[in-house]
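One structure is given below, encoded as structure tokens.
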Amino acid sequence: MALGRWTGRVWLLGLMVAAGCASGAPVERSSGRLEGGLLGLEDERVGWMGWEARPVEKMWPLGLRDDAEVVVFEAWDVVDPVFREQVWDVVFHGLWPLRDRQGASPAAEAVQMALMVLDPLNETTRFELSFFMRADGGREGVVLRIFSMKEVGPGVWVEASGVPGEGVSEWRVRVEPAVEESAGLAMLWRKDGASWEGMGAADAQAEPADAAAWAQPENRVVAALQQVLWEQVTGAAFVSPEFDHHQSSVWEASEAERVGLWPARHGGEWRERQLDEYPARSVFWPRGMPGSFE
């Protein structure tokens, strides 16, 4: 793996994400690898610790609910600790403020639960990238699922998609606690010119349709996700990624490999794409393409 360029990105991104911590104000809470950690929360017994676990229903990319509408054509299990930790730090900083914006609510506790249970350096936390396209080729993207395989099974869904060749125009973020007491939450960040608009729903299974103040994205978080996620898996990086991963056969069952309370697979048809199915200007190049796919 070519670590030089990747570690350089990690260092720069660390400066970007930690920028809000450089003042004399109290240190921002982090995933535990920035100064301040969880400020002792890991030593407290909080309400969600007594919640009842439940299996999670399937979730679809693009908010769709029909297997015929979306094709998942490749999946990777990411084992690279640098990629996992850096992506998690960005996700953490994007989700942490939701605890305050949601107030004392099951959704707020679900966010806290996910941030405390999930650990990028622990093998019981899975990082799965799956690549999809709308069946008509009009949209394509990637889903990062971060979920626990332990007896407490929360998960976070981060989805980026766009019209082929035009970059990301939608991000979807879901926190699914996999418990009876909370439905979690979902956010849709949609690009509007040079800015991003946020919609939210107090249900991880829902497709957000209403503007919500708490769901408005921070520009630094969107920019960081673009750098550590989208740019690391598109174009030449899709063909030869710079991080360690195991490619899964998307057309084979893998129930034994994906245990726990999160679904073994999310919704959509899982199969390889045929060459004539690739959208024009797809950012997920066929193997062996020497340059951009036109």
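The values are calculated or read from the model by the stated rules, or taken from the named source; none is laboratory data. Treat the numbers as computed from the prediction; the structure is a model and nothing was measured. Cβ placement follows ideal geometry from the backbone for every residue including glycine, while neighbour counts extend to all protein chains displayed. Ligands, DNA and RNA are excluded from the accessible area calculation, which covers all protein heavy atoms including side chains. Shrake-Rupley method; radii C 1.70, N 1.55, O 1.52, S 1.80 Å.
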* Does residue 220 fit the bill of being outside any loop (DSSP other than H, G, I, E, B), open to solvent by 30 Å² or more (accessible area, probe 1.4 Å) and touching a residue at least 24 places away in the same chain (Cβ under 8 Å)? -> yes
* To do: Go through region 51-62 and give me each residue that's assigned to a loop (DSSP other than H, G, I, E, B), touching a strand residue (DSSP E or B) at 6+ places or on another chain (Cβ under 7 Å) and open to solvent by 20 Å² or more (accessible area, probe 1.4 Å).
  => 51, 52, 54, 60
* **Of the criteria (1) among the charged types (D, E, K, R); (2) surrounded by fewer than 19 Cβ atoms within 10 Å (Cβ to Cβ); (3) touching an Asp or Glu at 6+ places or on another chain (Cβ under 9 Å); (4) touching a residue at least 60 places away in the same chain (Cβ under 8 Å), which one residue 136 fails** => (4)
* To do: Name the one entry in 89, 119 that is acidic (Asp, Glu) and surrounded by fewer than 20 Cβ atoms within 10 Å (Cβ to Cβ).
  => 119
* Only listed residue being part of a helix (DSSP H, G or I), at pLDDT below 95 and aromatic (Phe, Trp, Tyr), chosen from 48, 88 -> 48
* **Inter-residue pairs, beta-carbon under 6 Å, first closer than 22 Å to residue 106 by Cβ and in region 182-211, second among the aliphatic types (A, V, I, L, M) and assigned to a loop (DSSP other than H, G, I, E, B), 6+ apart** => 184/204; 185/202; 186/204; 186/206; 200/212; 203/183
* To do: Collect the residues in region 229-247 that are open to solvent by 20 Å² or more (accessible area, probe 1.4 Å) and either not in a helix (DSSP H, G or I) or not β-branched (Val, Ile, Thr) (or both), keeping them in residue-number order.
  => 231, 234, 236, 237, 240, 241, 242, 244, 245, 246, 247
* Do you know which of the residues in region 63-85 that are surrounded by fewer than 16 Cβ atoms within 10 Å (Cβ to Cβ) and hydrophobic (A, V, I, L, M, F, W, C) is modelled with the highest pLDDT? -> 79
* Asked: Any idea which residue in region 162-193 is farthest from residue 98 (Cα to Cα), counting only those that are among the acidic types (Asp, Glu) and open to solvent by 10 Å² or more (accessible area, probe 1.4 Å)?
  -> 166
* Structure fact -> Counting only residues that are outside any strand (DSSP E or B) and either among the hydroxyl-bearing types (Ser, Thr, Tyr) or open to solvent by less than 10 Å² (accessible area, probe 1.4 Å) (or both), region 194-207 contains a total of 1
* In region 145-161, what residues are among the small types (Gly, Ala, Ser) and either open to solvent by 10 Å² or more (accessible area, probe 1.4 Å) or more than 13 Å from the chain's Cα centre (by Cα) (or both)? -> 148, 153
* Can you find even one residue in region 42-51 that is out of contact with any Cys (no Cβ under 8 Å at 6 or more places or on another chain) and more than 20 Å from residue 113 (Cα to Cα)? -> no
* **region 261-285, subset out of contact with any strand residue (DSSP E or B) (no Cβ under 6 Å at 6 or more places or on another chain) and outside any loop (DSSP other than H, G, I, E, B), residue most open to solvent (accessible area, probe 1.4 Å)** => 276
